[in-house]
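Visitor: To start, I am sharing the structure in question, which I have written as structure tokens.
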Amino acid sequence: EAQVTQNPRYLITVTGKKLTVTCSQNMNHEYMSWYRQDPGLGLRQIYYSMNVEVTDKGDVPEGYKVSRKEKRNFPLILESPSPNQTSLYFCASNSPGTGGAQNTEAFFGQGTRLTVV
Amino acid sequence: GQNIDQPTEMTATEGAIVQINCTYQTSGFNGLFWYQQHAGEAPTFLSYNVLDGLEEKGRFSSFLSRSKGYSYLLLKELQMKDSASYLCAVRDDSWGKLQFGAGTQVVVTP
């Protein structure tokens, strides 16, 4: 089954304690991305990756790091979490869009609800 | 800058029709997507428009006018399970970067 898998689904942590949220996709997609979703703000892109070892900042990258050592995995790292990073996080993947291609939709993971106290 | 606008909330009765509008101003355009998201769940893909006109998929239809920077999602024969947030998203480059609107919460009442 084609899917994007995130872990953990729920996480409560304390300020300053490093954490990693994992993301894995089994569709051989080149493009992967991380979003955070906050009430009234919609989905905002944190980081994205166009392929292995190619990553770039999205709209809200401060306080986050990512890596793309393998095509299927794209972990999100919070080196020193703070309460303003409490949010719902989604990982997504898709193949490059070529105008009308069938596989241009983004597939989302189930989400990770993070609370930083 | 990037700007994608959609109404915050709409309420409609079971069996009725609701139209959710989306206007956008983005640096590039490579397609417009509509997603459905139930509370606390992942967004799921509904429709994709890259050319002007109407795309119909069962009870859901989506329309695009690129010259006006405008799209709408039409939900017909509303069911209670259609109560959800509907997200408009524009792909502004060929690699898949998506810009999302804040979402429209649709409430279906009996």
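The values are calculated or read from the model by the stated rules, or taken from the named source; none is laboratory data. Here the structure is a predicted model, which means the values were calculated and not measured. Quick reminder, even Gly has a Cβ in these numbers, built from the backbone with ideal geometry, and neighbours come from all protein chains shown. Only protein heavy atoms, including side chains, enter the accessible area calculation; ligands, DNA and RNA are left aside. Shrake-Rupley method; radii C 1.70, N 1.55, O 1.52, S 1.80 Å.
Visitor: Could you list all residues from region B:17-28 that are of a type in the set (Gly, Ala, Ser) and open to solvent by less than 60 Å² (accessible area, probe 1.4 Å)?
Guide: Initial filter on region B:17-28 (of a type in the set (Gly, Ala, Ser)): B:27-28.
B:Gly28 - this is the single residue of region B:17-28 that is of a type in the set (Gly, Ala, Ser) and open to solvent by less than 60 Å² (accessible area, probe 1.4 Å).
Visitor: Within region B:85-110, track down each residue that is away from chain A (no Cβ under 14 Å) and either in contact with a helix residue (DSSP H, G or I) (Cβ under 6 Å, 6 or more places away or on another chain) or in a strand (DSSP E or B) (or both).
Guide: Our first condition is that a residue be away from chain A (no Cβ under 14 Å); within region B:85-110, this holds for B:106-110.
B:Val106, B:Val107, B:Val108, B:Thr109, listed by residue number.
Visitor: Still on this model: Take region A:69-111 and flag every residue that is in a loop (DSSP other than H, G, I, E, B), at negative phi, modelled with pLDDT of 95 or more and within 14 Å of chain B (Cβ to nearest Cβ).
Guide: Residues of region A:69-111 in a loop (DSSP other than H, G, I, E, B): A:69-72, A:74-75, A:79-82, A:86, A:95-106, A:109-111.
The next check asks that each one be at negative phi; those that pass are A:69-72, A:74-75, A:79-82, A:86, A:95-98, A:101-106, A:109-110.
Among the residues that remain, those that are also modelled with pLDDT of 95 or more are: A:69-72, A:74-75, A:79-82, A:86, A:109-110.
A:Phe74, A:Gly109, A:Gln110, listed by residue number.
Visitor: Can I ask one more? Can you tell me which of B:Glu77, B:Glu14, B:Glu56, B:Glu41 is within 13 Å of chain A (Cβ to nearest Cβ), of a type in the set (D, E, K, R) and open to solvent by 10 Å² or more (accessible area, probe 1.4 Å)?
Guide: Details: B:Glu77 fails: within 13 Å of chain A (Cβ to nearest Cβ); B:Glu14 fails: within 13 Å of chain A (Cβ to nearest Cβ); B:Glu56 fails: within 13 Å of chain A (Cβ to nearest Cβ).
Testing whether each residue is within 13 Å of chain A (Cβ to nearest Cβ), of a type in the set (D, E, K, R) and open to solvent by 10 Å² or more (accessible area, probe 1.4 Å) leaves just B:Glu41.
Visitor: In the list B:Lys68, B:Lys81, which residue meets the criterion of being without any contact (Cβ under 8 Å) to a residue 60 or more places away in the chain, assigned to a loop (DSSP other than H, G, I, E, B) and among the charged types (D, E, K, R)?
Guide: On the way: B:Lys81 fails: assigned to a loop (DSSP other than H, G, I, E, B).
Exactly one of B:Lys68, B:Lys81 is without any contact (Cβ under 8 Å) to a residue 60 or more places away in the chain, assigned to a loop (DSSP other than H, G, I, E, B) and among the charged types (D, E, K, R), namely B:Lys68.
Visitor: When you look at B:Ser61, is it assigned to a strand (DSSP E or B), modelled with pLDDT of 95 or more and open to solvent by 10 Å² or more (accessible area, probe 1.4 Å), yes or no? It would help to see each step written out before you state the result.
Guide: Working: assigned to a strand (DSSP E or B): yes; modelled with pLDDT of 95 or more: yes; open to solvent by 10 Å² or more (accessible area, probe 1.4 Å): no.
Against the criterion (assigned to a strand (DSSP E or B), modelled with pLDDT of 95 or more and open to solvent by 10 Å² or more (accessible area, probe 1.4 Å)), B:Ser61 does not qualify.
Visitor: From the residues in region A:23-32 that are part of a strand (DSSP E or B) and farther than 17 Å from A:Gln85 by Cβ, which one is nearest to the other protein chains (Cβ to nearest Cβ)?
Guide: Quick first cut of region A:23-32, residues part of a strand (DSSP E or B) only: A:23-25, A:31-32.
Within this subset, residues satisfying the condition of being farther than 17 Å from A:Gln85 by Cβ are A:24-25, A:31-32.
Working: A:Ser24: 15, A:Gln25: 13, A:Tyr31: 4, A:Met32: 9 Å.
So the residue we want is A:Tyr31.
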